[in-house]
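Data first, discussion second: the structure below is written as structure tokens.
The values are calculated or read from the model by the stated rules, or taken from the named source; none is laboratory data. Please read all numbers here as calculations on a predicted model, not as lab measurements. Don't worry about glycine lacking a Cβ; one is built from the backbone with ideal geometry, like all the others, and counts go over all protein chains shown. Please note that ligands, DNA and RNA were not included when accessible areas were found on the heavy atoms of the full protein model with its side chains. Shrake-Rupley method; radii C 1.70, N 1.55, O 1.52, S 1.80 Å.
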There are 2 protein chains.
Amino acid sequence: MRRFASEKSRIILAHRRNLYSAAQNSTSPLYSQRFSQQPHLCSSFLQRFFNTAPSPNSSSSTDSMANDYSSTPVSVDSINPKVLECEYAVRGEIVTLAQRLQQELKDNPGSHPFDEILYCNIGNPHSLSQQPITFFREVLALCDHPAILDRSETQGLFSADSIERAFQILDQIPGRATGAYSHSQGIKGLRDTIAAGIEARDGFPADPNDIFLTDGASPAVHMMMQLLIRSKNDGIFCPIPQYPLYSASIALHGGTLVPYYLDEATGWGMEISELKNQLESARSNGINVRALVVINPGNPTGQVLAEDNQRQIVDFCKKEGLVLLADEVYQENIYVPDKQFHSFKKVARSMGYGEKDISLVSFQSVSKGYYGECGKRGGYMEITGFSPEVRQQIYKVASVNLCSNISGQILASLIMNPPKVGDESYESYTAEKDGILSSMARRAKKLEEAFNSLEGVTCNRAEGAMYLFPRILLPKKAIEAAKSVNKAPDTYYVSRLLEATGIVFVPGSGFGQVSGTWHVRSTILPQEDRIEAVVSRFTKFHKEFMDEFRD
Amino acid sequence: MRRFASEKSRIILAHRRNLYSAAQNSTSPLYSQRFSQQPHLCSSFLQRFFNTAPSPNSSSSTDSMANDYSSTPVSVDSINPKVLECEYAVRGEIVTLAQRLQQELKDNPGSHPFDEILYCNIGNPHSLSQQPITFFREVLALCDHPAILDRSETQGLFSADSIERAFQILDQIPGRATGAYSHSQGIKGLRDTIAAGIEARDGFPADPNDIFLTDGASPAVHMMMQLLIRSKNDGIFCPIPQYPLYSASIALHGGTLVPYYLDEATGWGMEISELKNQLESARSNGINVRALVVINPGNPTGQVLAEDNQRQIVDFCKKEGLVLLADEVYQENIYVPDKQFHSFKKVARSMGYGEKDISLVSFQSVSKGYYGECGKRGGYMEITGFSPEVRQQIYKVASVNLCSNISGQILASLIMNPPKVGDESYESYTAEKDGILSSMARRAKKLEEAFNSLEGVTCNRAEGAMYLFPRILLPKKAIEAAKSVNKAPDTYYVSRLLEATGIVFVPGSGFGQVSGTWHVRSTILPQEDRIEAVVSRFTKFHKEFMDEFRD
């Protein structure tokens, strides 16, 4: 098997080689295979998704530099190997390179053939000038400084319904103390609001005691992985391509990622036959598959599941005894008229499955949707279908970190209960929301069309979420060039793109992809008046790249 | 060895018995010993601090109830045993009982011999009516809703320096986007401010690149445990008594807690001879001790280390190759004129140890001090003495969760750079700060004196932090009574106290204590005008308890 040398320090390489040889010599799922060209292995459940992403800055961290720390107790080969194994592509190698280029542009304007870095690597809308929803920020400010609620100047500065809402929320907090630790699941009154919002969305009951408020969705995902994973023999079923939080969390908790491949040819379809095959294969290799992760709308792939397909998935989990972990953080991000968001809980309940029939966790976040409040770190998970004993253990783990941040908790209640018809803010709120979502839809369409117009590039429809994941048919010569600099071909492609244009995409290898195919992930988030510039810079780069490497 | 049966469900008990027998039959450090009366074992590093704390509500979760969930895939005996093992006393059994009583009082006033629950279980000042520092909240509100910064009404509502500070902070945030994910270590400009605050405090340089902003101190502690712990054979040295975040985090990461006992007789002194003995004992049992946790000022014990003692600890860590994990979250909470806070970094630097001589992590939080902003979940760790390769791994783990919440980041910068002489807010800020700290000192003194006036109770001086940890000499009859209801004696004592008075203390067994001694932890946080009531209710209870059980 071919394996590219990594840029990483020799210590890490040696460590990985050890893992690798251990895997070769045993049936252990601790098996690393990178950039393999052998399809039969790549579709194996055993494939792990190492995406070694050293900081370009650290390539100078040679042994001599490490030696300066020889009298300190912690060397990189003495840390937890699960940490070494974990990778997180959306903030990996390419982003570190982008940060270096940005610094160089600042220190030395004109040093690169572009004058700004365009971060299309991460769903971080406010960093690309998306403005916050005014009503949400009004309420947050008032809850941060309740002393001004009764002042006359406040009436002139804040909308009447934001003042009213702040009073309502403060009344739900014991002692109005927004500076106190809350219940470890979050403030009960806010959970009541969220449960009511879920009920209104789904048409099925929701219980505030099922809600765990968290600092964004990531800690909730970690909590479930921590609960379910006991050893390498425990597997978590994940889509490929997947959002690398899942692979990172599974690695950190010492489990095995069991992949199921989304079908690019059918718009990233989720085939039950694929799930069955992969499950059988995993089980025959001694893996106890505990849960199935579904990301809907999809990240990085942007598809929205059809309700029929969701029913099949629910039935599959029910039949196979899998916990269904539903990443539903993009539930507000849908851009095509023929698709709608249906929560998995709604689907399961509409099939007649109740609390005791299926174990289901839904993750939601204030970072996505039209609000995009990534910096607030708010979110929740709704857990249903777990016994009181297991729920108590989940509560205990939540209690070790005391509680999530209260501003994030408040914001999570606001997104699930925004202004209603008749409220003073309703019109401006609706205008802001619709403006953001319709602009996202236009940007998604423009980028999708641009990708599809390029030689060797195909891109599925952007139905939802904030991403496009076009496939790029790289010429053999480009693949050889990548190999000669020890990079995966898609990493090479996005590095060249970044160096030529300042545009930051994430290589598909950070998310996983069918072996021998190469993709990039782009967000749809550059400002609307910059989309043309992104498209023309990207188009020009791609043409020149193809001219350089065309077979 | 005697071992009390737990109230926990049979499944958990069975699980624990298995762990226990496994340990009995091997030299594994996975060894649980609870309430042992055998001193030679209790001082062993092998002792783990299980503090089984089932929810009273769930004691009705019998097998028949569990059976209702028989068709769901996750049973309590199929979850990660590290989760089962972890306990977190400050939100454990007693607090769950308190919450139940509070609900009963609400549903049925007069149902208990008190009309309110007095939460003295956790350092959560705002929940006991401590008011936030006005300047901090002004700045947070303005950063949450920058749209009002230029409005004339704002001048009337906010202090001039809070407006100026908000502008400064917004200028440090790319695009002024408080709604964007930041750099995974936190916003660079805020880290600059924090580093400058550390320099001003210590008189030694601090580097913003050494700062990792986190959602409170807990995630920072978890991050270091995740980095250092590879298996049960890796040990973390912790004081006993300790704050149970450490035991919980070590359990969740699968390591071994290696205890060193603080000497109650010398005001919870930290003896180097004890450290040496315990280290030797751990090493002879095959434990690779990786780090030493010091909590200064102490939690739950309230002592402030003398600088001489800190130097000895630094030398010990240097000599033995241990990472020094310094929990310095109570650095502003010092109540006696003869003690001062010295950061371990300042002490190490003043001894001439530089970046490459000693590995040191300092944890700080916005939840403690005079600010007590627990709900904001802000904090940071300053890491020094780690090689670039190891730092890169720490950064990677931080990046998996993207970033900490921006309000918490801003607040962390504010506490390290509060108003200065000449600023409009300086006088009111100083008055608020001094008022809170002097009140805390008075409350600590009153409670300390009250404890010391009681039969069989001795309490060390409250030098710092927010807690007292009095020792209670329980009569043999009380210990027998506890045993008859399957409770640890100190848990029995605080349960009886809670049921009689509504006062919530945490039993010493949640923190660890020398075998055969019993303690309670009380915060010093009840409002000043309630302290007398707490003291008289507690005194009355204690007398009656002693009358009931006196040998």
Hydrodynamic radius of the stretch B:117-185 per Kirkwood, over alpha carbon pairs, in Å: 14.1 Å
Average beta carbon contacts from partner chains per residue of B:325-333, 10 Å cutoff: 0
Gap separating the Cα centres of the stretch A:488-521 and the stretch A:346-364, nearest whole Å: 37 Å
Long-range HN-HN contacts of B:Gly378 with modeled amide H, under 5 Å: B:Gly216, B:Val366, B:Ser367
Pairwise burial B:A, computed as accessible area of each alone minus the pair, summed, 1.4 Å, Å²: 8700 Å²
Contact order normalised by residue count of chain B, Cα under 8 Å, 6+ apart, percent: 20 percent
With Cα atoms, 0 to 90° folded angle of helix A:426-452 axis to chain A main axis: 20 degrees
Inter-part distance where the stretch B:226-255 and the stretch A:381-448 are each reduced to a Cα centre, Å: 34 Å
Helix axis angle, A:528-549 relative to chain A longest principal axis, alpha carbon, degrees: 10 degrees
For the stretch A:206-224 versus the stretch A:110-148, the gap between their alpha-carbon centres in whole angstrom: 24 Å
Translational diffusion of the stretch A:141-295, µm² s⁻¹ [Kirkwood Rh, Cα pairs; Stokes-Einstein; 25 °C; 0.890 mPa s]: 128 µm²/s
Percent of beta bridges antiparallel (DSSP, the protein assembly as shown, rounded to nearest 5): 50 percent
Shielded by partner chains, the stretch A:201-225 residues - at least 20 Å² of accessible area, 1.4 Å probe, vs chain alone: A:Asp215, A:Ser218, A:His222
For the stretch B:261-310, fraction of C-alpha pairs farther apart than 15 Å, in %: 51 percent
Chain A, Rg to Rh (Cα coordinates; Rh as Kirkwood inverse mean 1/r): 0.97
1.4 Å probe, heavy atoms, protein only - residues of the stretch B:133-158 losing at least 50 Å² accessible area vs chain alone: B:Arg137, B:Asp144, B:His145, B:Glu153, B:Leu157
Share of pairwise Cα separations in the stretch A:413-551, more than 22 Å, in percent: 44 percent
Value of relative contact order over the stretch A:346-426, rounded to a whole percent, pairs C-alpha under 8 Å and six or more apart: 28 percent
The stretch A:332-371 - percent of accessible surface contributed by carbon and sulfur, probe 1.4 Å: 46 percent
Fraction of beta bridges assigned by DSSP in chain A that are antiparallel (%, nearest 5): 50 percent
Residues of the stretch A:179-261: accessible area per residue with a 1.4 Å probe, Å²: 20 Å²
Candidates per trypsin sites (Lys or Arg not before Pro) in the stretch A:165-267, loop by DSSP, up to 13 other Cβ within 10 Å: none
Integer Hz, Karplus 6.51/-1.76/1.60 couplings in order for the stretch B:154-166, x for Gly and Pro: 5, 4, x, 8, 10, 5, 4, 6, 5, 5, 4, 5, 4
Prolate/oblate/rounded call for the stretch A:344-433, Cα gyration tensor, a/c under 1.5 rounded: oblate
Shortest-first distances to equivalent copies, position B:Val485, nm, label 7 Å out along Cβ: 7.2
Shortest-first distances to equivalent copies, position A:Asp263, nm, label 7 Å out along Cβ: 7.4
Backbone HN-Hα couplings from phi across the stretch B:346-361 [Karplus 6.51/-1.76/1.60, Hz, Gly and Pro as x]: 4, 4, 4, 5, 5, 8, x, 7, x, 3, 9, 9, 8, 9, 9, 10
All Cα pairs of the protein assembly as shown, percent lying beyond 52 Å: 18 percent
Straight-distance crosslink candidates among lysines, where the alpha carbon sits under 18 Å from B:Lys476 and sequence neighbours closer than 8 are dropped: B:Lys487, B:Lys543
Copies compared at B:Asp315 - label distances in nm, ascending, label defined 7 Å from Cα in the Cβ direction: 7.5
Cα-Cα over 19 Å, subset of A:Lys368/A:Lys433; A:Lys376/B:Lys420; A:Lys106/A:Lys446; A:Lys376/B:Lys433; B:Lys188/B:Lys345: A:Lys376/B:Lys420; A:Lys106/A:Lys446; A:Lys376/B:Lys433; B:Lys188/B:Lys345
Karplus 3J(HN,Hα) series, Hz, for the stretch B:367-376 with 6.51 cos²θ - 1.76 cosθ + 1.60 (x for Gly, Pro): 7, 10, x, 8, 7, x, 8, 4, x, 7
